[in-house]
Amino acid sequence: MGSSTNRNTINNSSNRTFTSQTPCTRTHQIGALALIITTFFFTRTFDQSFNLCNYSTNEVIQSKRVTFVNNGKSVYWPDRGYGSHLDIKIYVYDEKEIDGLKTLMYGRDGKITADSCVKGQWGTQVKIHKLLLKSKFRTLVKEEADLFFVPSYVKCVRMMGGLNDKEINQTYVKVLTQMPYFRLSGGRNHIFIFPSGAGAHLFRSWAAYLNRSIILTPEGDRTDKRDTSAFNTWKDIIIPGNVDDSLTKSGSIQPLPLSKRKYLANFLGRAQGKSGRLQLVELAKQFPDKS
């Protein structure tokens, strides 16, 4: 009986404690909202003060921007999305540091030159490589690199008879297995260029080795009669096709100023009934003096 009485006393006490809690009223809700708003503005003010400590003047911020010049006017990038300055370091593999890399660039006999490969649709393999060699974002220290660029002129080499498909596949595998930083990231931070409709299919084992790597290619809708496309919108990037230097330097083409461009397109090759290519052909007819 005594224990039963004690349990009843405890239960009654618990009930009284529960029912005596203060209910949430409109006053409490308004107070909570005011606290949230105050915290938001305080945090924002603190962040702005912190940023001013890091970048005391606009000149410091502007000095870190990438600047392009068009018709005498400077265009800064990036201004939105990634902040006001770009901080990235890219390591470019030297052709001599990896056994087989020179083969992918100059063929089995080493007779194909960069000058011969800079022409035609595969010229971007050479131009982007040379651009990165001179880039302010290039680093010579692998340990501090955010991205790694693997130079290869393999499309040109194949077209000029420097390597066949089997040799290309074997050489790529040989090169990739010698790259410890490629293995470390699973290839996620390595960049490759495949500048034709064949895309990464030029390397037959791309699905096994480059399925996580960043691929730059001018066409993402092509499979070249394969079952799948090598292009992945989550990691790969569509780049413009190469415009031969002779066309722009000779004056036969007068590019529109960037401020007046609604479309930016380039095509070199055969339409082959591909819908994307046919759309470019129709678009070009609207600008006969620009194509």
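Structural remarks
- Scoring 195-202, 32-39 by mean Cβ neighbours within 10 Å over their residues and listing the highest first yields 195-202, 32-39.
- Ordering of 206-212, 122-128 by burial proxy (mean other Cβ atoms within 10 Å per residue, highest first): 122-128, 206-212
- Computed label-point distance, nm, for sites Lys89 and Glu143 using a 7 Å Cα→Cβ extension: 1.0
- When each of the peptides 273-282, 109-118 is scored by how many other beta carbons lie within 10 Å of its residues on average, the order from highest to lowest is 109-118, 273-282.
Read-outs: derived from the displayed coordinates by stated rules, not from any lab. Small disclaimer: the values here were computed from a predicted structure and weren't measured. Ideal geometry is used to build each Cβ from the backbone, glycine not excepted, and the neighbour counts take in all protein chains shown.
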